[in-house]
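J.: Structure provided below as structure tokens; questions to follow.
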């Protein structure tokens, strides 16, 4: 993972307007995305929360992540 990579996930109910029209890796239902920031203190996901406030959430690097959407990356 590199700073600037996109990461996608499903949060909340999987049957909503966004996931109904968005298909992820291997058909995954997606409705949320963030941007990776690799910093000296760890790996974080920069994202906007439902409240509209930006957030920098720590990412567990032991968890599998969806492939990057960086051009040329095939996963």
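The values are calculated or read from the model by the stated rules, or taken from the named source; none is laboratory data. Model, not experiment: these values are computed from the prediction. Cβ sites come from the backbone with ideal geometry, for glycine too, and all protein chains shown count toward neighbours.
J.: Provide a single number: the residues in region 31-52 that are at pLDDT 75 or above and not in a strand (DSSP E or B).
T.: To start, the set of residues in region 31-52 that are at pLDDT 75 or above comprises 31-48.
Imposing the further condition that a residue be not in a strand (DSSP E or B) reduces the set to 31, 40-41.
Qualifying residue count for the region: 3.
J.: Restricted to region 53-72, and to residues that are in contact with a strand residue (DSSP E or B) (Cβ under 6 Å, 6 or more places away or on another chain) and modelled with pLDDT under 75, which residue is nearest to residue 5 (Cα to Cα)?
T.: 69
J.: Can you pull out the residues in region 10-35 that are within 18 Å of residue 49 (Cβ to Cβ), surrounded by 11 or more Cβ atoms within 10 Å (Cβ to Cβ) and in contact with a helix residue (DSSP H, G or I) (Cβ under 9 Å, 6 or more places away or on another chain)?
T.: Result: 10, 30, 31, 32.
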